[in-house]
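Read through the structure below, which is laid out as structure tokens, and then see the notes.
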Ligand SMILES: [Zn+2]
Ligand SMILES: [Zn+2]
């Protein structure tokens with residue numbers, strides 16, 4: 001079939017929206033009609049030259065929601081008409097990672113194969129994360145399709161596929177914050193606010209939000225921040241945070257992507273059990289510098305990919321949280337555009353104007 005897709009041809013700062021040929025679903029594939037898709041920094045990084053060795057052309061987009069149109073003969077988990085969130089991290093259900101409760105990183109994620117469902121002339125190409133959600137239709141493996149309840153608004157819950165899962169999951173599935181804990185969140189953008197919501201849901205006693213932009217204060221407090229700290233006003237930030245939390249935070253979350261902030265995030269936690277989760281992506285050529293004794297004193301540093309949320313079995317539960325009114329994804333979404341305006345969406349993201357821009361199809 002033919003469909004319209006946003007194609008990146010190189011790090012040229014923009015994508016081209018054009019009509020492409022889409023292969024029919026293979027035996028284990030699902031054809032999805034996209035209804036909404038969110039634009040993420042990872043998509044933007046393909047247009048700015050931050051990534052090397054990219055297999056262009058590429059259909060961007062790895063966050064979204066849609067409706068199943070057709071399934072291959074071996075597909076058992078979804079059927080035409082189902083509402084779904086396509087996900088960048090698969091869940092095959094059978095590999096050691098899927099059988100473990102410790103990680104969401106299915107073995108298939110590291111060996112995605114070479115599926116090229118999009119075609120233009122004689123050139124076949126991939127979708128980012130084996131998805132390419134900036135297209136009116138996509139064909140993806142069943143292992144990358146999370147079935148969700150039919151009454152959830154697709155143009156809101158689409159943001160759970162990356163930003164929402166990354167933030168909520170970091171608190172709920174990576175750190176596993178306990179009731180009564182103290183939590184410090186560095187960086188109160190879209191991801192940070194979702195970490196705050198996750199910590200609040202977990203029953204954290206004290207949530208401190210750190211951001212050098214005072215305009216974030218109001219949204220932070222709505223999400224659940226009890227104390228807002230502007231780091232520019234404080235000489236010894238880790239010391240101040242240890243004092244605020246009565247000896248050091250039980251958990252801290254780095255949502256900025258900065259060496260210096262990560263160091264502060266570790267130093268502000270309590271010796272003995274303080275746990276820091278790193279979410280912000282540091283530039284690939286940077287290394288992490290920590291004071292060795294900070295870890296020796298019993299602190300922990302954890303990575304978190306997509307919030308450690310198992311995509312097919314646990315992501316639908318996050319949709320339920322939204323439908324029960326326990327999390328407010330609406331505040332994540334700042335702009336709405338059509339596919340033809342996608343380059344404006346990238347500009348809004350690059351300039352810091354937008355938290356989440358959602359494309360409606
Ligand atoms: Zn993303
Ligand atoms: Zn697996």
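Cα centroid separation, the range 315-352 to the range 33-96: 16 Å. Given R0 = 41 Å, the distance between the Cβ atoms of residue 111 and residue 258 translates into a calculated FRET efficiency of 0.80.
In this structure, residue 201 and residue 289 have a Cβ-Cβ separation that, at R0 = 35 Å, corresponds to a calculated FRET efficiency of about 0.60. Taking each residue as 0.36 nm, the span from residue 23 to residue 67 lengthens on full extension beyond its C-alpha to C-alpha distance by 14.1 nm. Principal axis analysis of the Cα atoms in the chain yields extents of 62, 40, 36 Å, listed in decreasing size.
Placing pseudo-labels 7 Å out from each Cα toward the beta carbon at residue 101 and residue 320 gives an inter-label distance of 1.6 nm. Beta bridges assigned by DSSP with both partners in the chain are antiparallel in approximately 55 percent of cases. Taking the chain as a Gaussian network of alpha-carbon nodes connected by springs under 10 Å, the highest mean-square fluctuation of the residues 156, 54, 89 belongs to 54. Measuring nothing but how far apart in sequence close Cα pairs (under 8 Å, 6+ apart) lie, relative to its length, the chain scores a relative contact order of 18 percent. Computed over the Cα atoms of the range 223-361, the ratio of the radius of gyration to the Kirkwood radius (Rg/Rh) comes to 1.03.
Cα-Cα pairs above 18 Å in the range 58-151: how many percent? Beyond 18 Å sits 49 percent of the P(r) for the range 58-151.
Measuring nothing but how far apart in sequence close Cα pairs (under 8 Å, 6+ apart) lie, relative to its length, the range 218-355 scores a relative contact order of 16 percent. Compactness check for the range 176-303: Cα Rg over 2.2 N^0.38 Å is 0.95. A simple spin-label model places pseudo-atoms 7 Å from Cα toward Cβ; at residue 55 and residue 232 they are separated by 4.5 nm.
Helix-only arithmetic for the chain: the sum of -39500 (n - 2.57) across DSSP H runs with n ≥ 4, divided by the residue total, places the mean residue ellipticity at 222 nm at -6000 deg cm²/dmol. Scaled against 2.2 N^0.38 Å for its residue count N, the alpha carbon radius of gyration of the range 173-243 is 1.04.
Computed from Cα positions, the angle between helix 190-201 and the longest principal axis of the chain comes to roughly 60 degrees. Model label points for residue 122 and residue 222, set 7 angstrom from Cα along the Cα-to-Cβ axis, are 5.5 nm apart. Among 178-191, 319-332, 129-142, the peptide with the highest mean count of other Cβ atoms within 10 Å heads the list, and the full ranking is 129-142, 178-191, 319-332.
Judged by the mean number of other Cβ atoms found within 10 Å, the most tightly packed of the peptides 350-358, 117-125, 30-38, 220-228 leads the ranking 30-38, 220-228, 350-358, 117-125. One chain, two ends: residue 351 and residue 48. Fully extended at 0.36 nm per residue, the span grows by 107.8 nm beyond their Cα-Cα distance. Result for the chain in a Gaussian network model with C-alpha springs under 10 Å: among 235, 170, 23, the largest mean-square fluctuation is at 235. Potential lengthening of the chain between residue 74 and residue 213 amounts to 45.0 nm, from the contour at 0.36 nm per residue minus the alpha-carbon distance.
Note: the range 251-332, Cα convex hull, 128 Å³ per residue. Pair-distance distribution of the range 1-113: all C-alpha pairs, bin width 5 Å, starting at 0; shares per bin in whole percent are 2, 10, 15, 19, 21, 17, 10, 4, 0.
We did not get these values from a lab; they are worked out from the coordinates using the rules stated. Just so it is clear, the structure is predicted and the values come from calculations on it, not from any experiment. With ideal geometry, Cβ positions are generated from the backbone for all residues, glycine too; neighbour counts draw on all protein chains shown.
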